[in-house]
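Read the figures in this text as sums done on the coordinates, not as results from a lab. Here the structure is a predicted model, which means the values were calculated and not measured. For neighbour counting, all protein chains shown are included, and Cβ atoms are generated from backbone atoms with ideal geometry for every residue, glycine included.
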Amino acid sequence: MLAELRTKSQITIPKSIVLSLGLSEGDKLEIYEKDGMICMSPVAVYPKHYVEELQSEIADLKKRIDEGKQPMFTSADALFDALEDD
């Protein structure tokens with residue numbers, strides 16, 4: 001498919017691509033150049049405080065795993081069995 005570069009460096013993404021990726025107005029796209037090609041990837045943008053909270057929770061979980069205080073399960077069934085026992 002061809003797209004034409006317009007004023008203000010704008011292009012229109014073909015509707016078939018927008019539909020197949022489930023994109024909608026306001027979605028964010030990362031645009032970068034790689035090996036002479038223009039590449040675009042849909043991205044999710046989260047508030048900084050949300051990401052920091054997740055990073056903190058992950059760090060806490062890793063610490064609990066290292067200390068042997070975080071139960072680990074080999075399957076979802078094992079997890080549900082443990083939850084039923086509580």
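Grab the Cα-Cα distance for Arg6 and Lys48, subtract it from 0.36 nm times how many residues apart they are, and report the gain in nm with one decimal. If you can, show how the numbers build up before the last one.
On the way: separation 42, 0.36 × 42 = 15.12 nm, distance 3.36 nm.
Gain on extension, Arg6 to Lys48, equals 11.8 nm.
Run lengths n ≥ 4 of DSSP H only: what is the helix-derived mean residue ellipticity at 222 nm for the chain, with -39500 (n - 2.57) per run over all residues, to the nearest 500? All intermediate terms of the calculation are to be shown ahead of the outcome.
Values: 3 runs with 36 residues, N = 86.
Dividing the helical sum by the residues of the chain leaves -13000 deg cm²/dmol.
Placing unit charges on C-beta atoms (Lys and Arg positive, Asp and Glu negative, everything else neutral), compute the dipole magnitude of the chain about its Cα centre in debye, rounded to 20. Don't skip to the answer; put the middle values down first.
On the way: 10 positive and 17 negative charges, 156 e Å.
Using only the charged Cβ atoms, the result is roughly 740 debye.
Using θ = phi - 60° and the Karplus form 6.51 cos²θ - 1.76 cosθ + 1.60, what ³J(HN,Hα) does each residue of segment 12-21 get, whole Hz, x for Gly and Pro?
Here the 3J(HN,Hα) series is 10, 7, x, 4, 4, 6, 4, 5, 5, 8 Hz.
Quick one: helix 76-85 against the long Cα principal axis of the chain, what's the angle to the nearest 10°, folded into 0 to 90?
40
Report the relative contact order of the chain, percent, no decimals, based on alpha-carbon pairs under 8 angstrom and at least 6 residues apart. Before the final figure, lay out each step's value.
Numbers: 36 pairs, mean separation 10.3, N = 86.
Averaging sequence separation for qualifying contacts and normalising by length gives 12 percent for the chain.
Going by Cα centres, segment 65-82 and segment 28-59 are how many Å apart?
Computed from Cα coordinates, the inter-centre distance equals 30 Å.
In whole Hz and in residue order, list the ³J(HN,Hα) couplings for segment 62-71 that follow from phi through the Karplus curve 6.51 cos²θ - 1.76 cosθ + 1.60, θ = phi - 60°; x for Gly and Pro.
Here the 3J(HN,Hα) series is 4, 5, 5, 5, 4, 7, x, 9, 9, x Hz.
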